[in-house]
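Read-outs throughout are calculated quantities, based only on the coordinates presented, and are distinct from any laboratory measurement. As the structure is a computational prediction, the values presented were derived from the model and not from experiment. Note that we place each Cβ from the backbone using ideal geometry, even for glycine, and neighbour counts take in every protein chain shown.
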Amino acid sequence: MTALGILWYFLIFLLIAGYFVFDGFDLGAGVLFPFIAKTEQEKSLVRHSIGPVWDGNEVWLLTAGGALFAAFAPAYATTFSGFYLAIMLVLFGLILRAVSVEFAERDRAWSHVWDICFFVGSLLPALLFGVAVGNIYAGIPMDAAGNYNGFPLLGLVTPFTLLCGLLGLAMFIAAGASWIALKAPYVGELRVRAIKFRCVAQLAAVVLFLLVSVYGHFLISPRMAPELFFVRWACVIVFALGMVGAIAYGRNEDRDLHTFICQSAAAIGLVFLLATSMFPNLVVASAGSVGASITIASAASSDTALSWMTGIACIGVPIVLAYHVFTYRAFRGRLSLGDHEE
């Protein structure tokens, strides 16, 4: 297990954390869409709140998948082939969401259909991402070659993975509600509803986190790297402080930005808690599997390949970050009531 392998293990989780934060509020806004937007004006405001940024936010997911393929090809092969149907559902959802955002206000005759597509296309990824993570953490059945040999889709749904899916969904919804509250006109029912949903989703996320933690500790009992014990607790503290801050600031009507930042910090803490809890495993083999778990040592590419990837990342990541800074600065501030008009 080389230093570059360890570096890229955590860099991939950093990319996942970036996706969790940036595209998380997009997906959460879509899941909340039919419950929070009651009029055509409010529906348009929700779409406009994510319209300038949603496609750029998905870059984090694409980059994480590409980095996993280049740095840890066996882990990529096992997860993408074993979770094939689930991944296709996620891609179907993302495509459905993209089409609905673009066509909702250009095709008024089918506006109701596009509204449904927006909701479904956001719900599928928001739920299935957490289910997939729960499987990777708890373990999946693998053969001697490292291939997934369980049931294609239903085999991935267990009480634990469902709890993980619901935790991810609650975090996405909390982020989406925080974003809508931040972007919606200060005066109006849309922001009021967003604040109410934000509070409920945050409390639900805390409860689900406790359930997942207790379930994982007592019924799954994964082997965690002892050298990262304090780092794991630091991640727990970041998550806890982020959620406490988000809930506390959420009670103040003038602290929408602070609430969103705290919610994002909690999401980052949750992702790195997963990373430090799984280390050095990339995909865990369940009890009774013929094959062994896929680890950094068994899956990492050569140091030469990882060195080239590191050099490319040093160039590419600042460009992506600069793009995000430019985009979010260009579209900063609250939407006005006139922004729903084409």
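Compute the orientation-averaged projected area for segment 220-342 from the convex hull of its Cα atoms and round it to one decimal in nm².
Result: 13.0 nm².
Among K38, K183, which comes first, then next, by fewest other beta-carbon atoms within 10 Å?
Lowest to highest Cβ neighbour count: K38, K183.
Suppose every Lys and Arg Cβ carries +1 and every Asp and Glu Cβ carries -1, with no other charges. What dipole size does the chain come out with about its Cα centre, to the nearest 20 debye?
Taking the Cα centre of the chain as origin, the dipole is about 600 debye.
What ranking do 272-278, 49-55, 26-32, 85-91 get when scored by the average of other Cβ atoms within 10 Å per residue, highest first?
Result, highest mean Cβ count within 10 Å first: 26-32, 272-278, 49-55, 85-91.
Relative contact order for segment 173-321: what percent, with Cα pairs under 8 Å and sequence separation of 6 or more?
21 percent
List every residue whose amide H lies under 5 Å from the amide H of G139, counting only residues 5 or more places away in sequence or on a different chain, with H placed 1.01 Å from N in the peptide plane.
Amide H neighbours of G139: V284.
Say we join alpha carbon atoms closer than 10 Å with springs in a Gaussian network model of the chain; which of I261, I173, I220 then has the biggest fluctuation?
Largest GNM mean-square fluctuation: I220.
Treat the count of other C-beta atoms within 10 Å as a stand-in for reagent exposure and order V236, V284, V290 from fewest to most.
V290, V236, V284
For a quick protection proxy, order the peptides 189-200, 206-217, 125-136, 320-331 by their average other-Cβ count within 10 Å, most packed first.
125-136, 189-200, 206-217, 320-331
On a 0 to 90° scale, report how tilted helix 111-138 is relative to the longest principal axis of the chain, with both axes built from alpha carbons and the result rounded to the nearest 10.
It works out to around 30 degrees.
Convert 4 °C to kelvin, take the viscosity as 1.567 mPa s, use the Kirkwood radius over C-alpha pairs of segment 3-308 as Rh, and evaluate the Stokes-Einstein diffusion coefficient in µm²/s, rounded to a whole number.
Translational D for this selection: 65 µm²/s.
What does the helix-only formula give at 222 nm for the chain: each DSSP H stretch with n ≥ 4 adding -39500 (n - 2.57), the total divided by the residues, and the result rounded to the nearest 500 deg cm²/dmol?
Result for the chain, helices only: -25000 deg cm²/dmol.
Do you know the relative contact order of the chain, to the nearest whole percent, from alpha carbon pairs under 8 angstrom that are 6+ apart?
27 percent
Karplus couplings for segment 43-51 from phi (6.51 cos²θ - 1.76 cosθ + 1.60, θ = phi - 60°), rounded to Hz, Gly and Pro as x?
Coupling constants for segment 43-51: 4, 5, 5, 4, 5, 5, 5, 10, x Hz.
Once the cut-off is 15 Å, how many percent of the Cα-Cα pairs in segment 193-275 end up in the long-distance tail?
Working: 2046 of 3403 pairs.
Above the 15 Å cut-off, segment 193-275 has 60 percent of its Cα pairs.
For a footprinting-style exposure proxy, rank Y137, Y148 by other Cβ within 10 Å, fewest first.
If I rank by nearby Cβ atoms, fewest first, I get Y137, Y148.
To the nearest 10 degrees, how steeply does helix 159-183 sit against the main Cα axis of the chain, on a 0 to 90 scale?
For 159-183 against the chain, the angle is about 40 degrees.
Determine the relative contact order of segment 256-342: mean sequence separation of Cα pairs under 8 Å and six or more apart, normalised by residue count, in whole percent.
Value for segment 256-342: 13 percent.
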